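Below you'll find the structure, written out as structure tokens, and then a few comments.
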Amino acid sequence: MTVALVSDDVLAGLLPALLDDDPDERAVTDTLLERVDLTAELGRLVDGLAELLTHARAARTRRAYESDLAHFTAWTSAHRLPALPADPQTVALYLTAHQDQMRSASLLRRLSAIAVAHRSAGHRSPTDHELVRRAVTALRRKHGTRPAAKAALVTAQLTVICTRLDEQTRPHSPEPGQSARVADRQARKHAAAVLRARRDRALLLVGYAAALRRSELVGLNIGDLTERAAGLSVFIARSKTDQLGLGDFVGIAHGHPPDTCTATCPIRAWREWTEALAREIGIAVEDLPHDSPAFRPITRHGRLGTPADPDPHARLTGQSVALIVKQAVELLEDPKRFPAVQYAGHSLRAGFATQAAAAGVPLDRIMRQTRHSSIAVALRYIREADVWRDNPTASLGL
Ligand SMILES: [Zn+2]
């Protein structure tokens, strides 16, 4: 007996939300739960499944697995859903239904019990399905102990990325005997590459140095960034921890004498991006409207705006920021160590905290930049980097 609890249409509609870098968890949960009859009386436990594990596992592990599996089978039975094999949808819904009742660790243990039961019975485990894996990632992010599901991008990687982006702005010399049309097309292609490379470099470096949330990065206006003698002053109009909405200032200082700016200098990157932007629009840098977006979408053809909206003053979306970070990570050309899928907008902010902590910057100075109001949250980043500073195992003589 197979009961279609959630129609394929509903799942297809939900997948983009689940695959989103920053899914609207509430909306996903609500949609899923709407399909579950939570008032259904609990049916009798589907037992016997735990027996599959009897021979392979030690008694204690077996008991834990049995109780984990029993929890799942009781739930499926209550909803008249097959437990073995179970549909991925069933498992995802099971996770969703219990997300608030259990620490995520026990949920994960129950998932592994489900996987073992399926494999022992010669079935493909529903826990390998993309939907379930997405649900687990979302749960981890929502309830888990790891604050950042996204990997941190630090200076060493940004240096390589910025060098690669700079390479993309180098002009190609025209081939001898090239037609004017080909030369023109190449010149336009190059202009598009320059515009995009300048934007990406500025976005990455400003986002990193100012430890911005992606919504803050997207919300920045031209007038919010002001170059001063010491560096770049960044005004963040409204951030998560700023309840009164007064805004906050963050400074980006030159990490070097101001006249020796490198490819990774955020101030120089910002200057060169606004110059490229103004040139593209055909105005002077000073004439860029102060209330227009600092970072803007660029089409595949190198035009400002989006395919749907050719407004040169269009604003970038949070999802585009995630995409820009992922594409930047791909420039590292080392997908084993740096899989693009693990990086997104938050990687810049997480990277700042990680790098600053590794460099021994005191907690209060880091928190001033990240604008974390909770020491506990800020500490989580810092503790991970701190693990390697004066690490006691280095003194063990191993
Ligand atoms: Zn500089």
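Derivation of every value follows stated rules applied to the coordinates shown; laboratory data play no part. Computed from a predicted structure; not experimentally measured. Here Cβ is always computed from backbone atoms with ideal geometry, including for glycine, and neighbour counts include all displayed protein chains.
Taking Lys and Arg as +1 and Asp and Glu as -1, the other residues whose beta-carbon sits under 9 Å from that of GLU272 total +3.
Under the simplified labelling scheme, the ASP291-GLU333 pair shows an inter-label distance of 4.6 nm, with each label point 7 Å from Cα along Cα→Cβ. Each peptide in 363-372, 285-294 receives the mean, over its residues, of other Cβ atoms within 10 Å, and ordering these scores from highest gives 363-372, 285-294.
If R0 is 56 Å, the Cβ-Cβ spacing of THR137 and HIS256 corresponds to a FRET efficiency of close to 0.90. When each of the peptides 114-120, 300-306, 178-184 is scored by the mean number of other C-beta atoms lying within 10 Å of its residues, the order from highest to lowest reads 114-120, 300-306, 178-184. With the highest mean first, a sort of the peptides 323-332, 128-137 on other beta-carbon atoms found within 10 angstrom per residue produces 323-332, 128-137. First obtain the Kirkwood hydrodynamic radius of the stretch 155-386 from its Cα pairs, then insert it into the Stokes-Einstein equation at 20 °C and 1.002 mPa s, and state the resulting D in µm² per second as a whole number. Rounded, D is 115 µm²/s.
Karplus-derived 3J(HN,Hα) values for the stretch 253-262, using 6.51 cos²θ - 1.76 cosθ + 1.60 with θ = phi - 60°, are 8, 5, x, 6, x, x, 8, 10, 4, 9 Hz; glycine and proline are entered as x. Taken along the Cα-to-beta-carbon direction at a fixed 7 Å, the label points for HIS301 and GLN319 span 2.2 nm.
Computed over the Cα atoms of the stretch 295-334, pair by distinct pair, the Kirkwood hydrodynamic radius stands at 10.9 angstrom. Taking 7 Å steps out from each Cα toward its Cβ at ASP311 and ASP100 produces label points 3.8 nm apart. Put simply, the convex hull of the Cα atoms in the stretch 105-195 casts, on average, a shadow of 11.7 nm².
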